[in-house]
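Everything below concerns the one structure shown next.
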Amino acid sequence: MDYLLLILSIFAIGTFITQVESANKPSAKCKTLTLCKKNKGSCTSSKKCNGILESKKGYCTSGCKCCIPAPKCSPTCKNGICVNENTCKCNNGWQGKICDTAICNPPCTKHGACIAPNTCQCDKGYKGNHCQEAICDTPCTSHGKCTAPNTCSCEKGYEGNLCQQ
């Protein structure tokens with residue numbers, strides 16, 4: 001009796017292992033065709049795929065999709081997607097190897113830094129879309145122009161810190 005129980009247990013374990021192994025393999029009816037292999041993929045009838053599921057004609061046999069593994073980028077892409085091994089495709093407004101450098105067009109002046117697409121962060125004492133305007137806490141008179149933080153440049157014939165004389 002114990003011998004029969006042992007044989008049945010071994011059979012049950014073997015059946016379970018076979019079912020688990022076959023669940024992790026592509027379906028037997030799914031044959032990988034040249035285009036799928038070329039893209040390092042394998043054909044499956046399952047919806048499980050850590051990457052891209054392609055159902056284009058010629059990729060796999062009927063009823064199956066080609067699972068193309070997702071490429072890996074290290075370091076990861078910041079503002080874009082990984083399109084090939086260690087190759088990022090940047091979103092609009094970003095550039096650089098990992099898409100971590102914002103693009104400002106027109107660029108920020110030397111008084112600011114581009115921190116996001118078309119967004120300048122101005123140094124203290126400057127304002128404007130491109131940090132092009134100096135700030136004078138007390139405005140210059142009509143005879144002067146604010147050219148640096150709290151600095152007025154006066155018209156000919158005028159003087160004083162606000163061009164008031």
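The values are calculated or read from the model by the stated rules, or taken from the named source; none is laboratory data. Quick caveat, the model's predicted, so the values are computed rather than measured. Don't worry about glycine lacking a Cβ; one is built from the backbone with ideal geometry, like all the others, and counts go over all protein chains shown. Heavy atoms of the whole protein, side chains included, go into the accessibility calculation; ligands, DNA and RNA do not. Shrake-Rupley method; radii C 1.70, N 1.55, O 1.52, S 1.80 Å.
Suppose R0 equals 22 Å; then what is the FRET efficiency for THR119 and ILE81 from their Cβ-Cβ distance, rounded to the nearest 0.05?
So the FRET efficiency works out to roughly 0.50.
Length gain on complete extension for the stretch LYS57 to GLU159, per 0.36 nm per residue less the alpha carbon to alpha carbon distance?
Details: separation 102, 0.36 × 102 = 36.72 nm, distance 7.98 nm.
Extending this stretch completely gives an extra 28.7 nm.
Accessible area per residue, 1.4 Å probe, Å², for the range 93-165: what's the number?
Working: 4850 Å² over 73 residues.
Per residue, the range 93-165 has 66 Å² of solvent-accessible surface.
Run the accessible area of the range 53-165 with a 1.4 Å probe and give the carbon-and-sulfur part as a rounded percent. Numbers along the way, then the final one.
Values: 3640 of 7550 Å².
Of all accessible area on the range 53-165, carbon and sulfur atoms account for 48 percent.
Just report the Cα centroid separation between the range 41-72 and the range 99-165, whole Å.
56
Tell me the net charge near TYR126. Cut-off is 12 Å between Cβ atoms, TYR126 excluded, with +1 for each Lys or Arg and -1 for each Asp or Glu. Write out the running numbers ahead of the final one.
On the way: positive: LYS110, LYS124, LYS127; negative: ASP123, GLU133.
Neighbour charge sum, excluding TYR126 itself: +1.
Please compare each pair in LYS47/LYS89; LYS124/LYS145; LYS48/LYS78; LYS40/LYS89 to a cut-off of 23 Å on the Cα-Cα distance and tell me which ones are over it.
LYS47/LYS89; LYS48/LYS78
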